[in-house]
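Notes follow the structure.
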Amino acid sequence: MSQHMEPSGTSAQPGVLPEHIRQNLKKYRQHAERITCLECGYVGPMGIKARIKPWYATWWGSILLAAIAASIASVLFGGIGMMAAVIVGGLVSALALSGSRDIHSCPNCEADLQRR
């Protein structure tokens with residue numbers, strides 16, 4: 001009977017990440033689960049290096065768009081237009097948040113990946 005023995009240091013228990021991957025993940029406050037690295041093929045948690053928001057998703061962009069929409073709506077439609085501007089502003093803000101992109105860092109090869 002021959003038994004297959006793995007070399008010391010390479011045995012991995014299911015669900016336990018290797019030490020170098022855990023050390024690289026500690027660098028980041030936030031993590032994304034189950035991402036595939038296109039560089040090295042690693043599949044698992046990755047650190048979120050940065051979040052990129054479009055200009056209209058920032059606080060000043062939302063205020064600017066809301067002010068423009070309220071001005072146009074009040075000129076064209078009066079008081080009812082103001083209510084429509086508030087509703088449209090809320091929808092635009094919700095859509096703006098979905099337009100943000102994350103830059104992930106692979107804890108195995110340390111490549112930067114952008115997820116859209």
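Scanning the stretch 16-59 for residues that are open to solvent by 100 Å² or more (accessible area, probe 1.4 Å) and of a type outside the set (Lys, Arg) yields 33, 38, 39, 55, 59. Every condition in (1) at pLDDT 75 or above; (2) open to solvent by 40 Å² or more (accessible area, probe 1.4 Å); (3) more than 30 Å from residue 22 (Cα to Cα) holds for residue 94 except the one numbered (1). Note on the stretch 20-116: enclosed strands (runs of 3 or more DSSP E) holding 3 or more residues that are touching a residue at least 60 places away in the same chain (Cβ under 8 Å) are 43-52, 101-105, 112-115.
The values are calculated or read from the model by the stated rules, or taken from the named source; none is laboratory data. Please read all numbers here as calculations on a predicted model, not as lab measurements. Glycine also receives a Cβ, built like all others from the backbone with ideal geometry; neighbour counts cover every protein chain displayed. To get the accessible areas, we keep the full protein, side chains included, count just its heavy atoms, and leave off ligands, DNA and RNA. Shrake-Rupley method; radii C 1.70, N 1.55, O 1.52, S 1.80 Å.
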